Amino acid sequence: MIQITALPAFTDNYIWLLQDHDTQRCAVVDPGDAAPVQAWLAANPRWVLSDILITHHHHDHVGGVEQLKKTTDATVYGPASENIPARDIALKDNDRISVLGHEFDVIAVPGHTLGHIAYYHRGLLFCGDTLFAAGCGRLFEGTPLQMYTSLSRLAALPEDTRVYCTHEYTLSNLRFAAAVEPGNPDTLERLATVTRQREAGVITLPSTVGLEKRTNPFLRTAETSVKEKADERTGTHNPAPDMVFAVLRAWKDTF
């Protein structure tokens, strides 16, 4: 059984810490800053950092890798097509790796960046900046169709899969989701819950695939209410779900 803890970094990043209590080995996902990881290791000296998993090349996800690599024997995994500092093992779509004795499947999810990958182990998804709680990443490198396709792959995972994204964007994302679907009771209920959580300083992650499918407009582009909102927004007909996605993403960029 893997224990998962969030190590806050910067203003709204989370570095995910995975622990295997049988071996007292641990792994981290997207350490943009070495300091939170080093502080945890210093406070828990019996634990050994054995693996570092990287989803994409942005500095707030890789900034701490080289420093951690210098002070541990951790193996660094990252996407093959991106420049990942101190990477030991380059990964591509459908690769499989063993982390803390558990098998993780690698899923290519281009859109936010072209080489972005996600890591999936039964019940667990580490998806970087592709799928957010009630949202998705900006299209810095990829196309709307690429991101729509990537999100569709993640939405096809079992509904009880826990979604570990890397930013505390849930509240702002839900405000947008409520603008897209003001009549969606699941979205409004989640917005109320998350508002209370953030007022209390409580983390809103992980989410689940099932919850995202009910409340995340970027996974709901085939819904009539979402499509109608996109058509209303542009004053044009958007017949395909990826076209609806493109309208939503452009709207969210300025929301």
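Mind checking which residues of the range 172-203 are hydroxyl-bearing (Ser, Thr, Tyr) and touching a helix residue (DSSP H, G or I) at 6+ places or on another chain (Cβ under 8 Å)?
THR187, THR195
Kindly provide the set of residues from the range 83-116 that are touching a His at 6+ places or on another chain (Cβ under 7 Å), surrounded by 15 or more Cβ atoms within 10 Å (Cβ to Cβ) and in a strand (DSSP E or B), ordered by number.
Across the range 83-116, the qualifying residues are HIS102, PHE104.
Mind checking which strands (runs of 3 or more DSSP E) fall wholly inside the range 1-56 and carry at least 1 residues that are farther than 22 Å from GLU103 by Cβ, in contact with a Phe, Trp or Tyr (Cβ under 9 Å, 6 or more places away or on another chain) and at pLDDT 95 or above?
2-9, 13-20
If the requirement is being out of contact with any Ser or Thr (no Cβ under 9 Å at 6 or more places or on another chain) and modelled with pLDDT of 95 or more, which of these qualifies: THR187, THR204, THR224, THR208?
One residue alone meets the criteria, THR224.
So LEU154 ticks every box in (1) out of contact with any Gly (no Cβ under 9 Å at 6 or more places or on another chain); (2) at pLDDT 95 or above; (3) not assigned by the TED database to the domain that holds ASP129 but one. Which box is left unticked?
Among (1) out of contact with any Gly (no Cβ under 9 Å at 6 or more places or on another chain); (2) at pLDDT 95 or above; (3) not assigned by the TED database to the domain that holds ASP129, the lone unmet condition for LEU154 is (3).
The values are calculated or read from the model by the stated rules, or taken from the named source; none is laboratory data. A quick note: this is a predicted structure, and the numbers were derived from the prediction, not measured. Positions of Cβ are generated from backbone atoms using ideal geometry, with glycine treated the same way; all protein chains shown enter the neighbour counts.
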